[in-house]
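The values are calculated or read from the model by the stated rules, or taken from the named source; none is laboratory data. Everything quoted here is computed from the prediction, not taken from an experiment. Using ideal geometry, Cβ is built from the backbone for each residue, glycine included, and neighbour counts are taken over all protein chains shown. What goes into the accessible areas is simple: the full protein's heavy atoms, side chains included, and nothing from ligands, DNA or RNA. Shrake-Rupley method; radii C 1.70, N 1.55, O 1.52, S 1.80 Å.
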Amino acid sequence: MASPLEREAAEYLTEHQILELLDNLVSMLLYERPAKPLEFLVQQLEKLKTARDTKKDYPSLFDESNLDAVFGILDPTKQGHVTLRQYREALKTLGIKDFEMDPKGAEDDKITLETFKTEAKVGLMNTCATFKTV
């Protein structure tokens, strides 16, 4: 059983999304492997602050070409769409927890590249926005 101090600490970390922030920073650090890691982390925090203020350009490991590649893997015969199940699993695999479960095309079980990328970008932005909004 956690002590009151441990519960308070856990609540603080959750409320301010500290663990998510550290997870994202460490992931970017390991992916980029910069020569000056502390400088890199400071830059990422500055980018995150700017993104919070402007509500765009959140630091992320995934860019447009990565989303094209993921969709291409799911659609190897180039039909131009993936199934709703593939869409959902792909977004979960990208680490996106909160996304549109039934996006445009869901009723026909045909999610296009455009819809996939739109939803993935929104989800990644929300996932990368690891700070408490006031």
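What is the sum of charges, Lys and Arg at +1 and Asp and Glu at -1, for the other residues whose Cβ falls under 15 Å from the Cβ of residue 68? Don't jump to the answer; show the numbers that get you there.
Working: positive: 78, 117, 121; negative: 63, 64, 75, 114, 119.
Combined, the nearby Lys, Arg, Asp and Glu give -2.
Given +1 on the Cβ of Lys and Arg, -1 on the Cβ of Asp and Glu, and no further charges, what dipole in debye does the chain carry about its Cα centre, rounded to the nearest 20?
Values: 18 positive and 24 negative charges, 46 e Å.
So the magnitude is around 220 debye.
Net charge dipole, segment 30-109: roughly 380 debye, given to the nearest 20, about the Cα centre with Cβ charges of +1 for Lys and Arg and -1 for Asp and Glu. In segment 1-89, what percent of the accessible surface is made up of carbon and sulfur (1.4 Å probe, ligands and nucleic acids excluded)? Of all accessible area on segment 1-89, carbon and sulfur atoms account for 58 percent. Each other residue within a Cβ distance under 11 Å of residue 88 adds +1 if Lys or Arg and -1 if Asp or Glu, for a net charge of -2. Model label points for residue 69 and residue 7, set 7 angstrom from Cα along the Cα-to-Cβ axis, are 4.6 nm apart. Think of it as helices only: each DSSP H run of n ≥ 4 in the chain is worth -39500 (n - 2.57), and spread over all residues that comes to -19500 deg cm²/dmol at 222 nm.
Ranking 27, 65 from most to least accessible surface, computed with a 1.4 Å probe over the protein chains only, gives 65, 27. Protection proxy ranking of 12-18, 69-75, by the mean of other Cβ atoms within 10 Å over each peptide's residues and highest first, is 69-75, 12-18.
Near residue 40, within a Cβ-to-Cβ distance under 13 Å, what is the net charge of the other residues, with Lys and Arg +1 and Asp and Glu -1? Please report the intermediate quantities before stating the final value.
Details: positive: 33, 36, 47; negative: 32, 39, 46.
Neighbour charge sum, excluding residue 40 itself: 0.
Only one residue of 21, 42, 3 has its Cα farthest out toward the positive end of the dipole of segment 1-65, where Lys and Arg carry +1 and Asp and Glu -1 on Cβ, and that residue is 42.
Averaged over its residues, the chain has an accessible area of 70 Å² per residue, based on protein heavy atoms and a 1.4 Å probe. Go through (1) 17.6, 56; (2) 13.8, 40; (3) 34.8, 112 and flag the label whose value is the computed Rg and Dmax of the Cα atoms in Å for this structure. Computed from these coordinates, Rg and Dmax of the Cα atoms in Å corresponds to label (1).
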